[in-house]
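Enquirer: Here's a structure for you.
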Amino acid sequence: MRKRRIVPSIGIAFIAMSALLFAENKVKPKPPGSDNATRQIGTRSSNGDRATLSDGSGRTVGSSSTSGNRTTFRDSSGRTTGSASTSGNKTTFRDSSGRTTGSASTSGNRTTFRDSSGRTTGSSSTSGNKTTFRDSSGRTTGTATQSGSRTGFRDSSGRSAGSTNVTGKRK
């Protein structure tokens, strides 16, 4: 009688573990404007630009294309993850559902980033070919250095955090 109880228990445990192992990953990608690379592309792209986004290991993680004043971001599978629309000196970031996730306002060489509620989340300042990103407290969170059509991103420790390569009109 004990064997009958053990076998169903093992079967149920196996099914539960299988379900956990093969469950679909429900993690949503970060919306555009929540990292330095998409902030840079969203606020600096011009009509006709196409860019490839790579992570710190060099793997392609997404792309962007700009038409008029709108930049569309896609993941490595080609699914739209969001967009950035620029009007004058203000850029609005939206997720794939069209909800506003943040904004950026540029004045001279300085850009201020805000979340969807209008709270300041960070800023960037550009000098020559180097952009420095800071959080809302003023601490450096990373840098971007442009060389031709490629922009390399580094985190606050100086480690490679990814890159973008513009393959469209601007080089």
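Since every read-out is calculated from the coordinates, none of them should be taken as a lab result. None of the values given here were measured: they were computed from a predicted structure. Don't worry about glycine lacking a Cβ; one is built from the backbone with ideal geometry, like all the others, and counts go over all protein chains shown.
Enquirer: Rounded if a/c is under 1.5, else prolate if a/b beats b/c, else oblate: with a ≥ b ≥ c from the C-alpha gyration tensor eigenvalues square-rooted, which is region 65-105? List each step's numbers first, then the result.
Expert: On the way: a/c = 2.80, a/b = 1.54, b/c = 1.82.
Judged from the Cα gyration tensor, region 65-105 comes out oblate (a/c at least 1.5, b/c at or above a/b).
Enquirer: Nothing charged except the Cβ atoms of Lys and Arg (+1) and of Asp and Glu (-1): what's the magnitude of the dipole of region 58-171 about its Cα centre? Round to the nearest 20 debye.
Expert: Numbers: 19 positive and 5 negative charges, 47 e Å.
Result for region 58-171 is approximately 220 debye, rounded to the nearest 20.
Enquirer: By how many nm would the segment from Thr140 to Arg119 lengthen if fully extended, with 0.36 nm per residue of separation less the alpha-carbon distance? Show your work: numbers first, answer last.
Expert: On the way: separation 21, 0.36 × 21 = 7.56 nm, distance 1.82 nm.
Full extension from Thr140 to Arg119 adds 5.7 nm.
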